[in-house]
1. How much net charge surrounds residue 58 when only other residues with a Cβ under 12 Å from its Cβ are counted (Lys, Arg +1; Asp, Glu -1)?
2. For the chain, with a Gaussian network of springs between Cα atoms less than 10 Å apart, report the residue from 129, 187, 159 with the top mean-square fluctuation.
3. Which residue fluctuates the most in the chain, going by a Gaussian network model with Cα springs under 10 Å, if the choices are 248, 207, 268?
4. Dipole size in debye (nearest 20) for region 254-382 around its Cα centre, Lys and Arg Cβ +1, Asp and Glu Cβ -1?
5. Mind grabbing the accessible area of residue 283 for me, 1.4 Å probe, Å², rounded to tens?
6. At a Förster radius of 25 Å, what calculated FRET efficiency corresponds to the Cβ-Cβ distance of residue 305 and residue 26, to the nearest 0.05?
7. With the Cα gyration tensor of region 163-202 in hand, convert its eigenvalues to equivalent ellipsoid semi-axes via √(5λ) and list them largest first in whole Å.
8. Among 264, 294, 212, flag the residue with its Cα farthest along the positive direction of the charge dipole of the chain, charges on Cβ as +1 for Lys/Arg and -1 for Asp/Glu.
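The values are calculated or read from the model by the stated rules, or taken from the named source; none is laboratory data. Since the model is a prediction, treat every value here as computed from it, not as a measurement. For neighbour counting, all protein chains shown are included, and Cβ atoms are generated from backbone atoms with ideal geometry for every residue, glycine included. Ligands, DNA and RNA are excluded from the accessible area calculation, which covers all protein heavy atoms including side chains. Shrake-Rupley method; radii C 1.70, N 1.55, O 1.52, S 1.80 Å.
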Amino acid sequence: MKNVVPLSILICIVFWVGGCDQKPSITPTGKTIKIGIIAPFSGPDLSYGKTGLKGMETAMQLQPYLQNGDRIELVVADDKNEQAMTLKLLEKLVVEDNVSTIITFSSSGPVLAMAKVADRYKTPILAAFATHPDITEQNNFISQLVFDDNFQGIVTALFARDDLMIDKVAVFRNPNSAYSSHLASEFEDKFKSIGGEITDTVLLTDETGDLSQIVERVHGNNPELLYFPIDATDIIRIIKEVRELAWEPIMMGSDGFISTMFAQHQEEIDIVDGMLATDFFAHGMPLTPLGKKTRDVYKKTEKGTPTAHVALGVEGYALLLDAMNRCNNPADRECINKKIRTTTNFKGVIGNITIGSNGKAQRPLCINSLQNGRSKFIFKVH
């Protein structure tokens, strides 16, 4: 005969945070509600999916049930961060798997593709990482968990000009990336409008010529800051060429850079030591109750320090459950969507998150530096 764990003990384990001497407040109904996950779990961006899912699984250990007792089931789909695959998986999750809501850890390109068809499926989609502002345009079913690139580009330009007292910047961008192109443009426009000079705009593609010659040319124009709204792999390549010139300009990346370094380039973390970057969190920041509880769970089950992408997975899961719990029928897609877009001062990992009726999130932006293998908080902008 198989060993069976009594339900009362199982529930006690699930709610260990509150202590087993307390009567569980939730009685399981035996019903299941599905949350779909679209993210890259293979390919060059696989860390997005793996770290985001790890955050959701961490939060799920604290809240495996809705308030009515329905159990949450995660349905995971690997889109490899490719737009065509993303659209196929969106249809599968909605039509075949009958998920009630979807969270995506894919980047802006695939989520922009979903935005064109989101209203057709009438299923709420929470974009946990994607920051392009057009994600929420011309559709009523995609909401952002993160700040968008209009805000990020403006704040970064103001920080460079007013706080770092920078006059001249060289910008590196990938013209094939909607995220990189838009963020670079927002930064450049704002920086020039407040009296700054863009010495170079370097376009990085597979056809880009000799990188050493490009960096040497940029060096000759004497920028004080190099701005990198590009992939971590390209940043590492550029920094190696910068070091060859014994050049030490200030360098700054954008959101996701630090998390990707920790997740995929740990062996090269020393190369980017001292770099600045915009981000959603930083090591050592004061945590909310949600942040503290999930940090403690993560420490019990995982090695290493959680990244910003893990924290966004935690917030995404908790926020979706909050929206479901505010619906009379927590599987009602249209109600979930409405509740997501009426989220006010939801307690995230480090502070409040508000999502308006247009799907835009209001949340803090952090500026950090990478020092000795950790992200060091500099300041936060609301």
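1. Numbers: positive: 54, 293, 295, 299, 300; negative: 57, 296, 302, 315.
Around residue 58, the surrounding residues sum to +1.
2. It is 159.
3. Checking each option, the largest mean-square fluctuation is seen for 207.
4. Details: 17 positive and 12 negative charges, 136 e Å.
It comes to approximately 660 debye.
5. 40 Å²
6. Details: r = 31 Å, r/R0 = 1.24.
E(calc), rounded to 0.05, equals 0.20.
7. On the way: eigenvalues 75, 21, 12 Å².
Its equivalent ellipsoid spans semi-axes of 19, 10, 8 Å.
8. Of the options given, the answer is 294.
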